[in-house]
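Working notes, structure below.
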């Protein structure tokens, strides 16, 4: 046979094999990138769902804390009310309000002449 034709056929077969290898390599690289991108999308979705679940839990805890805060504020108002303090003083400390006749008013006037006046009236 003709050595030129054999060399041409061999080089054309080599080129076809290289083209097939290049196409195969490009296909494998594409599949690899698709696999990596799909993994990243699944991870992003899973992480987003996890964060959404945490946010929902925190909102539930926030509602519970708001409810507890309102209950505690109500109790605080009940404990700090004037009537409650007076009742506590009467029960536990045996304190009573004096009658108006027992009250003595003291008036102090400041100035050059210090005057002290004690009266039974205001």
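Within region 3-97, all pairs of alpha-carbon atoms sorted by distance into 10 Å bins from zero give the percentages 12, 14, 12, 11, 10, 9, 8, 7, 6, 5, 4, 3, 1, 0. Between residue 65 and residue 45, what length comes free when the chain is fully extended (0.36 nm per residue of separation minus the Cα-Cα distance, one decimal in nm)? This chain segment gains 4.2 nm when fully extended.
In a fully extended conformation the segment linking residue 90 and residue 102 would gain 2.5 nm over its present Cα-Cα distance, using 0.36 nm per residue.
Residue separation times 0.36 nm, minus the C-alpha to C-alpha distance between residue 26 and residue 79: what's the value?
Working: separation 53, 0.36 × 53 = 19.08 nm, distance 7.78 nm.
Gain on stretching residue 26 to residue 79: 11.3 nm.
Only the coordinates and a few stated rules stand behind these numbers; no lab work does. Because the structure is predicted, anything quoted here is derived from the model rather than measured.
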